[in-house]
1. With the condition being of a type in the set (A, V, I, L, M, F, W, C) and closer than 20 Å to THR400 by Cβ, I'd like the strands (runs of 3 or more DSSP E) fully within the range 218-324 carrying at least 2 qualifying residues.
2. Go through the range 140-155 residue by residue and tally those that are assigned to a loop (DSSP other than H, G, I, E, B) and surrounded by 21 or more Cβ atoms within 10 Å (Cβ to Cβ).
3. Go through the residues of the range 388-404 one by one and say whether even a single one is open to solvent by 50 Å² or more (accessible area, probe 1.4 Å), over 25 Å from LYS148 (Cα atoms) and not charged (D, E, K, R).
4. Considering only residues that are open to solvent by 10 Å² or more (accessible area, probe 1.4 Å) and either more than 20 Å from the chain's Cα centre (by Cα) or closer than 19 Å to PHE329 by Cβ (or both), which ones fall in the range 240-259?
5. State all residues of the range 67-117 that are farther than 25 Å from HIS135 by Cβ, of a type outside the set (A, V, I, L, M, F, W, C) and not in a loop (DSSP other than H, G, I, E, B); if no residue qualifies, say none.
6. Say we look at the range 168-183 and pick out the residues that are open to solvent by 20 Å² or more (accessible area, probe 1.4 Å) and touching a residue at least 12 places away in the same chain (Cβ under 8 Å); which of these is farthest from TYR136 (Cα to Cα)?
7. Give the residues of the range 260-303 that are open to solvent by less than 20 Å² (accessible area, probe 1.4 Å), within 15 Å of the ligand (Cβ to nearest atom) and more than 14 Å from PRO234 (Cβ to Cβ), sorted by residue number.
8. For the range 60-76, which positions are out of contact with any Ser or Thr (no Cβ under 7 Å at 6 or more places or on another chain) and either aromatic (Phe, Trp, Tyr) or open to solvent by less than 10 Å² (accessible area, probe 1.4 Å) (or both)?
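The values are calculated or read from the model by the stated rules, or taken from the named source; none is laboratory data. Nothing here was measured: the structure is a model prediction, and the numbers come from that model. All Cβ positions, even for glycine, are placed from backbone atoms using ideal geometry, and neighbour counts span all protein chains on display. All accessible areas refer to the heavy atoms of the entire protein, side chains included, with ligands and DNA or RNA removed. Shrake-Rupley method; radii C 1.70, N 1.55, O 1.52, S 1.80 Å.
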Amino acid sequence: MSNAPRPTVYIETYGCQMNVADSELMYGTLAAQGYDAVESPDGADVILVNTCAIRDHAEQRVIGRLGELRRHMKADTIVGVTGCMAQRLGPRLLEKARHVSLVVGPDGYRALPQLLDGARNGERGIFTTFDLEEHYEDVTPRRTDPVKAWIPVQRGCDYRCTYCIVPHTRGPERSRKLDDVVREVRQVVETGTTEIVLLGQTVNSYNDGTHDFADLLRAVGAVDGVRRLRYTSPHPNDFTPRVIAAHAEVGAVCEHMHLPMQSGSTRVLKRMLRRYTREEFLACVATLRTVMPSLVLTTDIIVGFPGETDEDFEETVSAVVEAGFSDAFTFKFSPREGTPATRLPAEDTVPDDVAGERLQRLIQVVRAQSREQNLALLGTRTEVLIERLARDGELLMGRTRDWKTVLVPGDASLVNTYHMVELTGTTGSTFTGAFVKDERASRQPLPMAG
Ligand code: SF4
């Protein structure tokens, strides 16, 4: 029995929930090889930066951070870059950062132990091959969220939106077997987690060859102990009547959906190759709202896409109002090397100041709409799941089933517990609330357990 101290690993995660889940997989892969996870890079034996490539800004941040991490390194610390930026840049990353020893794409995490052994012998390792069979089924992720479990059900994407780097960094779409997903959900529930978030680039296009996303929602929703079931991100085109019915009928599925629209102009949507028109997107929203009247929708929107005119932008603003989004992630178009959008005529480029003005205007429209919707909820009672201490450390931060953020007084012992809360105030986006003794919610029925 060796007395050598167990090696330590620190992973810093950037980007989407899929990257959060991948970091949990990497911790799990290395834990199986005797590594201990640490919360700080200081003196860690291994530092991994799990990266995002969705916008240039995200990559510039990582390059800056890699420089900063030098001061946390010991003489024999191994630094690696993983994720979408690693996949996109590959060997170029080794040139950009001399202290980086590993560059590993999203399908290469199983090879981490060997690559780390090689690095200890002075080798600089690269793994950027796509592996269409890889779902890390035999790896036990080290979960990092005390309340919810991120469960990837699909990897890659078969759409080809012209601005998007994801198909180039995560490869073609492939779905896990339904039984494997359900088994993982059971394992997670046994640890006391009751909120499940199913992950995929276009998660509702899930299909394992026998089961579609409707089957998956029903199977996961039927697991005893699953109290809240969420999924992200769906694509409007993959909302079949079966999937919509499953969302509406499975008690655990929450009354919130994050449905990326990207633009409200059919002309721009065509240039983005989103494969739906403005009318088709709004018709999808109308169908969802007919079947689920209390559904809360949030979205993603890009402004300043090449060729976007003032009229196109006005169509985006009016679509936001017509869809009744309660919030939106809004971005200026960021050209990504290797994506078709970068090959659009230069004269179509929207000047940065114009894109900036449109972004500010859109943020105001979304905020005003969100505020109006939230003010109307004051005085109502709803179920809140306490997620963590709020940043100020005084209050607790919790979420409703329809994705509202609520701050309530209390201590950390309440994390991962459900409470009826009356909404007493709002900043327009975040609520303050008070615990109520009366367990009957005034807005939503309590879901049946399992
Ligand atoms: S659906 Fe489009 S935007 Fe979403 S990951 Fe796939 S290519 Fe990218």
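1. 296-303
2. Within the range 140-155, residues that are assigned to a loop (DSSP other than H, G, I, E, B) and surrounded by 21 or more Cβ atoms within 10 Å (Cβ to Cβ) number 2.
3. no
4. THR240, PRO241, ARG242, ILE244, ALA245, ALA248, GLU249, VAL250, GLY251, HIS256, HIS258
5. Matches in the range 67-117: GLY67, GLU68, ARG70, ARG71, HIS72, PRO91, ARG92, GLU95, LYS96, SER101.
6. HIS168
7. SER263, VAL268, LEU269, MET272, ILE301, ILE302
8. Result: LEU66, LEU69.
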